[in-house]
Amino acid sequence: MSKVKFIIIFIILFSSCKENSKNFQKLEVWEKIQEAVQKRNIDYLLNISSDSLQCLECSKGKHWVTKEVFFRDNFDQMKLGENENYGYFIENIEDLNIGFKERIRISYGKKYKGNKYDIIYTILRNESNIKFSGVFSIP
C-alpha cells in the first residue's frame, strides 16, 4: 500500500474516532481487556491475542512480534490508555473471509514533548470470539 493511501486511511480513522469521543461511551470488549491489563491477567491476554502482534515501538522497530514477546517485554504498551477516554471505530470486515466480522480500532490522543499523536489498538470480533491484533501510533 502506498504511503499516501496509508495516510488517508489513518486520517479517516482518526476523524471517526474523534467523532465518537464527543459522546464518550465505553466499549465493553475493550473494557474487559483493560480490566485484564490492570489485574495483569497475562493468561487471558495471551489467550485472546493473535500469535503475532503489530507493535511499531517494540523489538527495535520490528513491526510484528510474537504475543509472548509483546506481553513479556512491552506490557506497558497496554497501559498507555489506562483510565482515559478513548475513541473507537468499528469496521465491517465480513467480506475478508478471515473468520471475524468486525475490526475495532481504539484510539487514544496523546502528547509528548509538545507533539500530538494517537495510539491505536486493534481488535477483531465475531459473535463469540475476539482477537487482539496489536498497537501502533500515528503522528
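What follows is calculated from the coordinates using simple rules that are stated; it is not laboratory data. These numbers were taken from a predicted model, which means no experiment stands behind them. Cβ: placed from backbone, ideal geometry, glycine included. Neighbour counts: every protein chain shown.
Note down the net charge around residue 129, summing +1 for each Lys or Arg and -1 for each Asp or Glu among other residues with Cβ under 12 Å from its Cβ. All intermediate terms of the calculation are to be shown ahead of the outcome.
Values: positive: 101, 125, 131; negative: 102, 127.
With Lys, Arg at +1 and Asp, Glu at -1, the neighbours total +1.
Need one number: nm distance between label points at residue 115 and residue 92, each 7 Å from Cα along Cα→Cβ, rounded to one decimal.
Result: 3.8 nm between the two label points.
So which aspartates and glutamates can residue 67 reach, going by Cα to Cα under 16 Å and dropping same-chain residues fewer than 8 places off?
Within reach: 43, 51, 57, 76.
Each residue of region 117-126 in turn: what ³J(HN,Hα) in whole Hz from Karplus with 6.51, -1.76, 1.60 and θ = phi - 60°, glycine and Pro shown as x?
8, 10, 9, 10, 9, 10, 10, 9, 8, 10
For region 112-139 and region 60-101, what is the centre-to-centre distance using only Cα atoms, to the nearest Å?
Comparing the Cα centres of region 112-139 and region 60-101, I get a distance of 5 Å.
Would you mind computing, in nm to one decimal, how far apart the modelled labels at residue 82 and residue 102 are, each placed 7 Å from Cα along Cα→Cβ?
2.7 nm
So how do 112, 117 line up by other beta-carbon neighbours within 10 Å, fewest first?
On the way: 112 8, 117 13.
Neighbour counts put them in this order, fewest first: 112, 117.
Say each of residue 66 and residue 42 gets a label point 7 Å from the Cα, pointing the same way as Cα to Cβ; how far apart are those two points in nm?
Reported label-point gap for residue 66 and residue 42 is 1.3 nm.
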